[in-house]
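Below is one structure, written out as structure tokens; the observations come after it.
The values are calculated or read from the model by the stated rules, or taken from the named source; none is laboratory data. Computed from a predicted structure; not experimentally measured. Here the Cβ positions follow ideal geometry from the backbone for every residue, glycine too, while neighbour counts run over all protein chains shown.
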Amino acid sequence: LSDRLEAVLGGLKSRGKLTEEQVDATLREIRLALLEADVNFKVVKTFVARVRERAVGTEVSGALNPGQQVTKIVHEELVRILGEQSAPLDLGSASPAVIMLAGLQGSGKTTAAGKLAAQLKKKGRTPLLAACDLQRPAAVDQLKVLGERAGVAVHAPEAGGDPSADPVAVARSSIDEARRLGAGVVIVDTAGRTNVDDAMMQQASDIREAVEPAETLFVIDAMIGQEAVTVAKAFQEAVDFTGVILSKLDGDARGGAALSVAEVTGRPIKFASVGEKLEEFEAFHPDRMAGRILGMGDVMTLIEKAEEAYTAEQAADLETKLSEDSFTLEDFLEQFQQIRKMGPLQNVLGMLPGVGKQLEDADVDESQLKRVEAIIQSMTRHERHRPDVLNARRKRRIAAGSGRTVQEVNELLKSYEQMRKMMKQMAGGRGGQEQALKQL
Ligand code: GDP
Ligand code: MG
């Protein structure tokens, strides 16, 4: 994590809306972090612009400083692009279901084919591996070795790769072979070249048409860097893949390719290949990846901790007030403002012993909040602390000052009084809490 980014994140807490300067100061560092992770520079540009638009003017939560707030938005946006959740395989209903792998040579297709086979077998399926990379004889042997290790049958042309054999025909015959063997899934390994070229793309596209895969997975090396965009686009055009396998994620690469590919293709990354062994294969985790790309997994933890600590602090504060019976109209207002900002009244109350889920669904009407705010803001400090001094004259003044009616002022005082009583009961132990909740 760069010192400069750390400096941005170490700033003072502040309230109010994020200014352009605050947002830009953090985004300058984020931009560098993304480029360092080898995210494609064009992707960095659109990404940063999008975050900027979203961030400027948003409210800083009391728990964070502006740098942390912007970073949180960046992280959320990254996770959104990388996929909210890890996307599982979707094998459809056809039998056998076909999974086809495509990608550059050396990207990790054959390895991933073996890993997928092993994983499916562990899940009780019967996969068949189809060797459709006939470019190099060694490729067929490599798949056979992996198949043997995984305990999965391999369908290949006769005797170690006849150079005249047709990969499309092999793919097609693997379907019949699967039926004969009673295999429910066929995993088709294909050839790649070191560079995108027309012949390879045509072959991949032909195989795809021949076997109509339920899933076509594009395998890409996490270390590919800037080129990720061109390569991913070319494969998307040729085979219109349904998902991505990010390979060699066990290396040093920060994995900016993940963001590049997800952003330009809109396809979910389904798996991460994290080693040469069969079992070094896992579901892709967008939030972990977001932290890795930013080079700041620990920063996100810190931000979460800051938020938790703040919420705990508020809960403790509230609890003290309850037990001292000093819950004033100012506190009441603050709680309402909190709700308007991000809804933590529920969180805060939820942290009090014995109060939980019941409050999570409580709906809050926005216009009502504005009314409450206006009325309380029209009171003097003394009145907020000692609402019993509010006589008819004062109420008329407050009503006029806030543009509301005296009746509305009375209603607010009534709900404040109810909330105060309720909180007093809550502070009075379990029985009190239950009673209070019944009144809600
Ligand atoms: P293909 O040409 O796309 O079929 O790529 P291969 O599956 O043959 O993989 C190319 C090389 O990368 C091989 O030496 C693999 O052992 C290695 N490899 C593949 N996936 C991974 C991975 O996730 N981590 C590491 N460290 N090596 C991998
Ligand atoms: Mg291969």
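In the set (1) more than 13 Å from ligand 2 (Cβ to nearest atom); (2) closer than 30 Å to residue 293 by Cα; (3) not in a helix (DSSP H, G or I), residue 194 fails one condition alone, (1). Can you confirm whether region 268-284 contains a residue that is within 20 Å of residue 80 (Cα to Cα), outside the structural domain of residue 65 (by TED's automatic domain parsing), surrounded by 17 or more Cβ atoms within 10 Å (Cβ to Cβ) and touching a Gly at 6+ places or on another chain (Cβ under 6 Å)? Yes, region 268-284 has at least one match.
Of all the residues that make up region 267-291, how many are free of Cβ contacts under 8 Å to residues at least 60 places away in the same chain and over 20 Å from residue 118 (Cα atoms)? First the steps, then the outcome.
So in region 267-291, the residues free of Cβ contacts under 8 Å to residues at least 60 places away in the same chain come out as 267, 272, 274-275, 277, 282, 288.
Narrowing the set further to residues that are over 20 Å from residue 118 (Cα atoms) leaves 267, 288.
Here the count works out to 2.
Restricting region 273-285 to residues that are under 16 Å from residue 215 (Cβ atoms) and part of a strand (DSSP E or B) leaves a set whose member that is modelled with the lowest pLDDT is 283.
Among the residues of region 247-256, some residue qualifies, meaning at least one is farther than 16 Å from residue 189 by Cα, in a loop (DSSP other than H, G, I, E, B), acidic (Asp, Glu) and in the same structural domain as residue 147 (by TED's automatic domain parsing). The set of residues from region 87-143 being part of a helix (DSSP H, G or I), under 26 Å from the mean Cα position of the chain (by Cα) and more than 10 Å from ligand 2 (Cβ to nearest atom) comprises 115, 116, 119, 120.
Of these, 282, 304, 334, which one is within 30 Å of residue 236 (Cβ to Cβ) and out of contact with any Leu (no Cβ under 7 Å at 6 or more places or on another chain)? When all the criteria are applied, what remains is 282.
Residue count for region 78-134 satisfying the condition of being charged (D, E, K, R), touching a helix residue (DSSP H, G or I) at 6+ places or on another chain (Cβ under 7 Å) and within 13 Å of ligand 1 (Cβ to nearest atom): 1. Consider region 242-280. How many of its residues are closer than 23 Å to residue 35 by Cα and basic (Lys, Arg)? Here the count works out to 3. Just one of the listed residues (77, 148) is in a helix (DSSP H, G or I), acidic (Asp, Glu), on the phi < 0 side of the Ramachandran plot and not assigned by TED's automatic domain parsing to the domain that holds residue 261, and it is 77.
Would you check if residue 78 is away from ligand 2 (no atom under 16 Å from the Cβ), surrounded by 22 or more Cβ atoms within 10 Å (Cβ to Cβ), more than 25 Å from the chain's Cα centre (by Cα) and in contact (Cβ under 8 Å) with a residue 24 or more places away in the chain?
Values: away from ligand 2 (no atom under 16 Å from the Cβ): yes; surrounded by 22 or more Cβ atoms within 10 Å (Cβ to Cβ): yes; more than 25 Å from the chain's Cα centre (by Cα): no; in contact (Cβ under 8 Å) with a residue 24 or more places away in the chain: yes.
In short, no.
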